[in-house]
Amino acid sequence: MKDDYPYWAQKELEAWDFGSLALRRRVYAVAFDSEERFLEFEFPKPPKLRRKKLKDFLDRSDLQHEWKSVDTWMESFNSRSAWRDRSLELTFLAKDAEKAQCIPSRYTAQCASNSHVLSDDKTQWRFFSLDEIKRIMGIPEWFSFTDNIQKIRKYEMLGQSIDGRVIKAIANRIAYAFMKVKINAVKKVDKIKNSYSVANSGQLELLLS
């Protein structure tokens, strides 16, 4: 691939900075076949935005979900010495929460590093649904999995993917780089055209400034 696209740029970006509820810091790489396009490209900067809350990503209230006991979860947590030093700050999220843990491929495993939806009375919790994760990660509504993929595999695939908002922001910067190169090429042609004229004799004359 490097023979066809010799110019590479890479940068670490945090999806939360681009509007996601969940943390997801990843290194993104962009390759170009043209040095001009490569030099015009810049990775996007986080936009100024209104920070959304968990409730903006949740399913409709009439949809059914499987809720579990917080007390039972805490009993399991306290029984595991390896978990005792882990922070629970982002484990159980109320509807007004503005930040969640990174959603991993093993999200459906019980782990203190995962974020879960907390019930209004704070006695129960549940996993994010697949549709909620898609909204959190900025995946378009038209996207769907094929019916033959198991539910747990769908969670794994989402957990291994990247945030759609970051991809959209990078794509916009790539498009801008292509457009800038094209505009510069048009300006160069116009400059060449304006550097000469044709005399009455039909002779080409060079205009010197």
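When DSSP beta bridges are restricted to pairs lying wholly in the chain, around 85% turn out antiparallel. Residues with amide H under 5 Å of TYR7's amide H, sequence separation 5 or more or different chain, H placed in the peptide plane at 1.01 Å from N; which? Those qualifying (amide H under 5 Å, at least 5 residues apart or on another chain) are PHE32.
The distance between label points at SER81 and ARG60 comes to 5.1 nm (points 7 Å beyond Cα on the Cα→Cβ vector). Cross-link pairs exceeding 27 Å in C-alpha to C-alpha distance, out of LYS2/LYS134; LYS68/LYS134; LYS95/LYS151, comprise LYS2/LYS134.
Cβ crowding within 10 Å ranks SER20, SER129 as SER129, SER20, fewest other Cβ atoms first. For the stretch 145-172 versus the stretch 46-112, the spacing of their alpha-carbon centroids is 19 Å. The calculated pair-distance distribution of the chain uses every alpha carbon pair, bins of 5 angstrom beginning at 0, and gives 1, 6, 11, 13, 13, 11, 10, 7, 6, 5, 4, 3, 2, 2, 2, 1, 1, 1, 0, 0 percent. For the stretch 14-41, the residues whose backbone nitrogen is under 14 Å from a point 7 Å from the Cα of PHE178, taken along Cα to Cβ, are 31-34, 37-38, 41. Compared with the dominant Cα axis of the chain, that is its longest principal axis, helix 164-193 is turned about 0°. When only Cα pairs below 8 angstrom with a gap of at least 6 residues are kept, the stretch 54-159 shows a relative contact order of 30 percent.
From least to most packed, judged by other beta carbons within 10 angstrom and beginning with the fewest, THR123, THR91 follow the order THR123, THR91.
A helix-only calculation puts the chain at -9000 deg cm²/dmol for mean residue ellipticity at 222 nm, using -39500 (n - 2.57) for each DSSP H run of at least four residues, averaged over all residues.
Simple spin-label estimate for ARG126 and ALA97 gives 1.4 nm between the two label positions (7 Å along the Cα-to-Cβ direction from each Cα).
We did not get these values from a lab; they are worked out from the coordinates using the rules stated. Since we're looking at a predicted model, the values are computed, not measured. Please note: Cβ atoms are built from the backbone with ideal geometry, for glycine as well, and neighbour counts cover all protein chains shown.
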